[in-house]
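Below is one structure; the comments refer to it alone.
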Amino acid sequence: SSRRSSFPDEVLERVLSLLKSHRDRSSVSLVCKDWYNAERWSRTHVFIGNCYSVSPEIVARRFPKIRSVTLKGKPRFSDFNLVPENWGADIHAWLVVFAAKYPFLEELRLKRMAISDESLEFLAVSFPNFKALSLLSCDGFSTNGLAAIATHCKNLTELDIQENGIDDKGGSWLSCFPESFTSLEVLNFANLSSDINFDALERLVGRCKSMRVLKLNRSVSLEQLQRLLVNAPQLAELGTGSFSEELTFRQYVELESALSNCKNMHTLSGLWDAKGIYLPALYPVCTHLTFLNLSYAALRSDELAKLLAHCPRLKRLWVLDTVEDKGLEAVGLNCPLLEELRVFPADPFDEEIIHGVTEAGFVAVSFGCPGLHYVLYFCRQMTNAAVATIVQNCPDFTHFRLCIMNPGQPDYITNEPMDEAFGAVVKTCTKLQRLSVSGLLTDLTFEYIGRYAKNLETLSVAFAGSSDWGMQCVMGGCSKLRKLEIRDCPFGNAALLSGLEKYESMRSLWMSACNVTMNGCRLLAREMPRLNVEVMKEDGSDDSQADKVYVYRSIAGPRRDAPPSVLTL
Amino acid sequence: MERRVNYENDLNLMATELSLGLPGCGDDEPQRKTNPSIRNNKRTAPEISEVSSSESSSSITMSGSDDQDSPPPAKEQVVGWPPIRSYRKNCLQSSKRNEVEGMGMYVKVSVDGAPYLRKIDLKVYRSYPQLLKALENMFKLTIGAYSKREGYNGSDYAPTYEDKDGDWMLVGDVPWEMFISSCKRLRIMKGSEARGLGCV
């Protein structure tokens, strides 16, 4: 139907098919009707950030040729047990529509969705071309579902099972891959604890010559790891199993040799229970490593330092705070190319702990790694001055997630709120997209955020603020805000309603244990019919209090699968 | 908002009171003086989200927002804080449990000719001699001493175990820690079969 357009639809579609970013595609689809149509016919991958924002029928109607789907479900705070059981985000209704409309579906990537074994079996038999399944932070399924996938998906290239609430009934699922099956490129079962049949795994890895990602679970021993690596030197990403059994000298040498043959390896993880004594076996691999995930290995500072001396090209590092500030000094000294650092707490719930990391470690990293742009840092003490120094050294932060673990804790030297710390972050880091705040914070922090954080898209707030004004500043100032999650803050109806105009341009808002009431929520729901306003009540709470509120835009209307504990207003 | 009102009334009295003593005892907390309304507006999460929560296993002992001068009692936990995924929490907990003597490591023990099996907790023992002595006591038999060359030669019994690979190994060959991590079950072999092992 082209009259005045410069070239035929087919050419436009061809050109547009080269566009991968869904945001670019979104922009393209808004240009004109022709472009909207060309875009929808050429799109093969759809990303749905909130499964309730749209229905599977609407998706299928608009995009006829989808081969790959990414879906995210529950609010992020469900990872921390703040969302009731059976909240929803079940994949099954989607699968039924996909089976009818996208029989050639190849990829499904789910985050925080509920998926049952029945759904996995349905998936396995409904899509003959199915290639890639990735489940992150999902729940509702067991290893029986994985067995169905292994049994039926003849063209599977990727099985990536990460950090899910999976019911691990045993390792026999791995033996379900037929002997004729050779296409697997990505296998990640680190999530599971049961023993798998090692012979079956060895044969599987041996015949899948294109395998580039292999992440084992803890039950796989060092000796078994060596046997696998001998047959898979092409691996680019390796997650070891347990790194702690006692090896004979000969076994150690063989392991080191097998690792040194892995010339393509750029990512290393696993290292469960790693004992420092065997880490030198990793040295040959370390020279090329760009991503090292030690967040399940409780290393000491000297052990980390020795290891990092061999990792000059590291861009991403995840560690436990057992490495302490001294370990982080070693990061600053050895890893000048570092872009991302995550420090997880080894003992998050033990308040007797007096070690872990402090502001000193973070500062040390910032001096040595000017390219740092992503940080997740759990600590027990912080100062405003330290954060100011850090962002001065590293002004390019895009993701700044600081968790001072004791709620409402001030600057431990000056005893002042941490307002100036986050003020420094938002003033200096103009590219900031994601911010998580913590410590003792007044409304001033949020004034700073509203005034300076013009590129901010995601904000997480807990135990902070003084009054409605704080949240109002954020709603008024952060024009690019898409996701806001708040817990245990003194923000009430005035704050909630100040965002009235804004919520339709956002993905979602979460507010729990704040001062919002049912009336406030009802008002919001009434004024903004295209928002779904859901309230989760706690047992025994005041009738008028809206304990947990989840607000999100949707073109699918209120959802029909909400459990009794979730009220849709 | 009732709490805020209370607090401001208290502040008017307390702020002007002179007293001897370290900051933080009996006074309002010193860090609050920059913005007195902070404290009360910040809801103590435990009271709100924990009391009625059914999905968390953490426990709350925090007494209330009026309790400003003593540090929070020990073992206070807040639902979902610090924000760490359940998966990671469970991994850390199971690591710790494996180190601490909380979790038993029970394996079946069979003796050739005995009518039924027994179970023992391997975590209880620190060394091979301790384990062998316990087995001898349990089954009223003599296993004797281990030697690298001869195994348990001289004895009518040989203790063996099934390892992770499904192979039957002689107890005592590998370091204790390695044995503990790979032993799935024990079998005490008897008679000529047992004696034969010493000569292999």
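How many percent of DSSP beta bridges within the range A:384-568 run antiparallel, rounded to 5?
For the range A:384-568, the DSSP antiparallel bridge percentage is about 45.
Looking at the range A:1-43 from every direction and averaging, what is the projected area of its Cα convex hull in nm²?
2.6 nm²
Which value, in Å to one decimal place, does the Kirkwood hydrodynamic radius take for the range A:232-304 when every pair of different Cα atoms is included?
12.4 Å
Give me a comma-separated list of calculated 3J(HN,Hα) values for the range A:119-128, in order, Karplus coefficients 6.51, -1.76, 1.60 applied at θ = phi - 60°, integers in Hz, x for any Gly or Pro.
5, 5, 5, 4, 4, 4, 9, 8, 10, x
For A:Asp199 and A:Ser142, calculate 0.36 nm times their separation in residues minus their Cα-Cα distance, and state this gained length in nm to one decimal.
18.3 nm
Once each part is reduced to its C-alpha centroid, what is the distance from the range A:237-296 to the range B:149-194 in angstrom?
30 Å
I need the fraction of alpha carbon pairs in the range A:384-568 separated by more than 19 Å, rounded to a whole percent.
57 percent
List every residue whose amide H lies under 5 Å from the amide H of A:Leu187, counting only residues 5 or more places away in sequence or on a different chain, with H placed 1.01 Å from N in the peptide plane.
HN-HN under 5 Å from A:Leu187: A:Leu159, A:Val213, A:Leu214, A:Lys215.
Indicate the gyration tensor shape class of the range A:300-412 (rounded, prolate or oblate), computed on the Cα atoms with a ≥ b ≥ c the square roots of the eigenvalues: a/c under 1.5 is rounded; otherwise a/b larger than b/c is prolate and the rest oblate.
Because a/c hits 1.5 or more and a/b fails to exceed b/c, the range A:300-412 counts as oblate.
Once you have a ≥ b ≥ c as the square roots of the Cα gyration tensor eigenvalues for the protein assembly as shown, tell me rounded if a/c is under 1.5, and otherwise prolate or oblate according to whether a/b is larger than b/c.
Oblate, since a/c reaches 1.5 and b/c is not below a/b.
By counting other Cβ atoms within 10 Å of each Cβ, how are A:Lys263, A:Lys537, A:Lys33 ranked from fewest to most?
Listed from fewest to most nearby Cβ atoms, that is A:Lys33, A:Lys263, A:Lys537.
Which ordering of B:Tyr157, B:Tyr125, B:Tyr116 is given by a fewest-first count of other beta-carbon atoms within 10 Å?
So the residues, fewest neighbours to most, are B:Tyr116, B:Tyr125, B:Tyr157.
From the backbone phi of the range A:322-336, what are the Karplus-calculated ³J(HN,Hα) couplings (6.51 cos²θ - 1.76 cosθ + 1.60, θ = phi - 60°) in whole Hz, Gly and Pro given as x?
5, 6, 6, 4, 4, x, 6, 4, 5, 4, x, 7, 9, 10, x
Could you pull out every residue, at least 5 positions away or on a different chain, whose amide H is within less than 5 Å of the one on B:Thr160? Hs are placed 1.01 Å off N in the peptide plane, and Pro or chain starts have none.
Here B:Val171, B:Arg187, B:Ile188, B:Met189 satisfy the definition.
Could you work out how far the C-alpha centroid of the range A:310-345 sits from that of the range A:435-476, in angstrom?
29 Å
Between A:Val11 and A:Val253, 0.36 nm times their residue separation minus their Cα-Cα distance comes to what?
Working it through step by step, the gained length comes to 81.3 nm.
About the Cα centre of the range A:1-43, how large is the charge dipole given +1 on each Lys and Arg Cβ and -1 on each Asp and Glu Cβ? Please answer in debye to the nearest 20.
Taking the Cα centre of the range A:1-43 as origin, the dipole is about 120 debye.
With 10 angstrom as the radius, rank A:Ser183, A:Ser242 by how many other C-beta atoms surround their C-beta, starting from the fewest.
A:Ser183, A:Ser242
Would you please name the GluC sites (Glu not before Pro) within the range A:471-518 that are DSSP coil residues with at most 13 other C-beta atoms within 10 Å of their C-beta?
A:Glu501
Given A:Lys74/A:Lys111; A:Lys215/A:Lys326; A:Lys74/A:Lys480; A:Lys427/A:Lys483; A:Lys111/A:Lys483, which pairs have Cα atoms separated by over 18 Å?
Those over the limit are A:Lys215/A:Lys326; A:Lys74/A:Lys480; A:Lys427/A:Lys483.
With charges set only on the Cβ (+1 for Lys and Arg, -1 for Asp and Glu), what does the dipole of the protein assembly as shown come to about its Cα centre, in debye to the nearest 20?
2940 debye
For the range A:425-489, restrict the atom set to alpha-carbon positions and state the Rg and Dmax in Å.
Cα-based Rg and Dmax for the range A:425-489 come out at 10.3, 28 Å.
For Cα pairs less than 8 Å apart in space and 6+ apart in sequence, what is the mean separation divided by the residue count of chain A, i.e. the relative contact order in percent?
With pairs under 8 Å counted, the relative contact order is 6 percent.
I'd like the antiparallel share, as a percent to the nearest 5, of DSSP beta bridges with both residues in chain A.
Just about 15 percent of them are antiparallel.
Between A:Val230 and A:Asn129, what length in nm is gained on full extension when 0.36 nm per residue of separation is reduced by their alpha carbon distance?
Extra length from A:Val230 to A:Asn129 when fully extended: 33.3 nm.
Considering amide H positions built from the backbone, and no H for Pro or chain starts, which residues 5 or more places from A:Ala274, or on another chain, come under 5 Å of its amide H?
Under 5 Å from the amide H of A:Ala274: A:Phe243, A:Ala298.
Since every read-out is calculated from the coordinates, none of them should be taken as a lab result. Since the model is a prediction, treat every value here as computed from it, not as a measurement. Reconstructed Cβ throughout: ideal geometry from the backbone, glycine too, with neighbour counts over all protein chains shown.
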